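Scroll down for the structure; my scribbles are underneath it.
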Amino acid sequence: MSRDPLSMSEDELIATEIAESEARSERLREHLKTSERLNEYYIQIVAELRASLDEIEQRDQAS
């Protein structure tokens, strides 16, 4: 549990702010990695869907 900022020294406040900032940065990096993986997955799925549609279209034209 965090302490009351009014009872902390300037050095403690700075250290706390740095730690919290680093924690936020790490969470953002993890979110970015997750977003990048999802984006890659969606790009792959769209490519597969387009290929399937092209295949269906070619079969229909051959019929």
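Read-outs: derived from the displayed coordinates by stated rules, not from any lab. Computed from a predicted structure; not experimentally measured. Reconstructed Cβ throughout: ideal geometry from the backbone, glycine too, with neighbour counts over all protein chains shown.
Would you mind getting me the FRET efficiency between GLU40 and ASP4? Use the beta-carbon distance for r and R0 = 35 Å, nearest 0.05. Write out the running numbers ahead of the final one.
Values: r = 45 Å, r/R0 = 1.28.
Efficiency, from the Cβ-Cβ distance: 0.20.
Could you tell me which residue out of ALA19, LEU53, SER9 lies farthest along the dipole of the chain toward its positive end? Charges go on the beta carbon: Lys and Arg +1, Asp and Glu -1, centred on the Cα centre.
Of the candidates, LEU53 comes out farthest on the positive side.
Let's see if you can work this out: charge +1 on each Lys and Arg Cβ, -1 on each Asp and Glu Cβ, no other charges. What is the dipole magnitude of the chain about its Cα centre, in debye to the nearest 20?
Working: 8 positive and 16 negative charges, 49 e Å.
Magnitude of the dipole: close to 240 debye.
As I understand it, the value is the acute angle between the Cα axis of helix 10-62 and the longest principal axis of the Cα atoms of the chain; what does it come to in degrees, rounded to 10?
With both axes taken from Cα atoms, the answer is about 0 degrees.
Full-extension gain between LEU13 and ASP54, please, as 0.36 nm times their residue separation minus the C-alpha to C-alpha distance.
Numbers: separation 41, 0.36 × 41 = 14.76 nm, distance 6.08 nm.
The LEU13-ASP54 span can extend by a further 8.7 nm.
For the chain, state what percent of all Cα-Cα pairs lands in each successive 5 Å bin, counting from 0 Å until the bin that includes the largest distance.
The distribution over the chain is 3, 15, 11, 11, 8, 7, 8, 6, 7, 5, 5, 4, 4, 3, 2, 1, 0, given as percents.
Mean residue ellipticity at 222 nm from the helices of the chain, using -39,500 (n - 2.57) per DSSP H segment of n ≥ 4 over the full residue count, to the nearest 500 deg cm²/dmol? Walk me through the numbers on the way to the answer.
Values: 1 runs with 53 residues, N = 63.
Value at 222 nm, helices only, nearest 500: -31500 deg cm²/dmol.
Loop-only check: which trypsin sites (Lys or Arg not before Pro) in the chain are DSSP coil with at most 16 other Cβ within 10 angstrom?
Counting only loop positions with at most 16 other Cβ atoms within 10 Å, the trypsin sites (Lys or Arg not before Pro) in the chain are ARG3.
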